[in-house]
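The values are calculated or read from the model by the stated rules, or taken from the named source; none is laboratory data. Worth saying up front: this structure is predicted, and the values here are computed from it rather than measured. FYI the Cβ positions are ideal-geometry reconstructions off the backbone, even for glycines, and counts take in every protein chain you see.
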């Protein structure tokens, strides 16, 4: 059965960002898409190729503005809420801004959805919610104590979504993303994600820095898996699947030291010297989870999810984009 969403009016907040722009492009094939973004961490270049499509609308606005959220959500069938101020280190440096964007902004979009009678609200949750829990693999119902302001805000999002489902009947689904990577992910900036940042440095024969001994593990998740999880969340008619939170991952983990080896193998065709680039080990980063491995049983059983791109495949698809992006900048 074809699970693709068709003929809907969809709002994607943060739609000019890394994940949001990929969702905007994906859903525009069969739907009317509105992209709301204040361009604080997103870029117009991510959606430039969509601008001429009559079924696409870009709204430059901020989710901390309730009026903007009310206007953007009018007549929508599905909300994909991706807008947030990401990064654990940034949240430690800027807790007030993180709270404003990730809690007040989230609540504004959720409340606007309630007022405008939007039926389905799918939102980006985070694996950071697992906090200091050492249990592996990570199970959705077993979380620990949050280790950063960012983790606190993403957990509060889940609590608000649950309350709005119970009180107002909005169908909510939260997706706890695990270390997403792929096309349109920015390799620049202080808070760049680890894979594009490492690629950027290694192509320039500069040493990447691993915080700690490099034996910490991550469940890296290619963007195609995230797109699939959002598609399934928006289209499901399984009542048991609604008002839930799911891990979105591959169910496989790798150490950062092993990741460096994989990147070196993938980057050989672009830089023959890449294997000679040394790695620097710095101090462990405050607020980081030591080990991360997701159970994907729940999302597989209730939404029919199965990863479509594992780490090696994802790197093979992503590295050419990162290389082109580095050349442009």
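Before moving on, here are some points about what is shown:
- Checked against the criterion of being in contact with a strand residue (DSSP E or B) (Cβ under 9 Å, 6 or more places away or on another chain) and closer than 19 Å to residue 183 by Cα, the candidates 279, 319, 248, 323 yield just one match: 248.
- Counted residues, the range 69-78 - those being in a helix (DSSP H, G or I) and under 27 Å from residue 229 (Cβ atoms): 3
- Hey, residue 278 touching a residue at least 12 places away in the same chain (Cβ under 8 Å) and either closer than 22 Å to residue 174 by Cβ or within 23 Å of the chain's Cα centre (by Cα) (or both) or not: no
- Qualifying residue in the range 245-268 (condition: at pLDDT below 85, within 22 Å of residue 159 (Cα to Cα) and surrounded by 15 or more Cβ atoms within 10 Å (Cβ to Cβ)): no
- Whichever residue in the range 143-163 is at pLDDT 95 or above and exposed (fewer than 15 other Cβ atoms within 10 Å of the Cβ) and, among such residues, is nearest to residue 83 (Cα to Cα): 159
- The combined condition, being part of a helix (DSSP H, G or I), free of Cβ contacts under 8 Å to residues at least 12 places away in the same chain and either surrounded by 15 or more Cβ atoms within 10 Å (Cβ to Cβ) or within 14 Å of the chain's Cα centre (by Cα) (or both), is fulfilled by residue 197.
- Hey, residue 21 surrounded by 21 or more Cβ atoms within 10 Å (Cβ to Cβ), at pLDDT below 95 and part of a helix (DSSP H, G or I) or not: no
- Sole residue being more than 26 Å from residue 99 (Cα to Cα) and at pLDDT 90 or above, chosen from 209, 236: 236
- Residue 305 being in a loop (DSSP other than H, G, I, E, B) and within 25 Å of residue 3 (Cβ to Cβ): yes
- Pick from the range 139-179, criterion in a loop (DSSP other than H, G, I, E, B) and touching a residue at least 60 places away in the same chain (Cβ under 8 Å), ranking: nearest to residue 238 (Cα to Cα): 170
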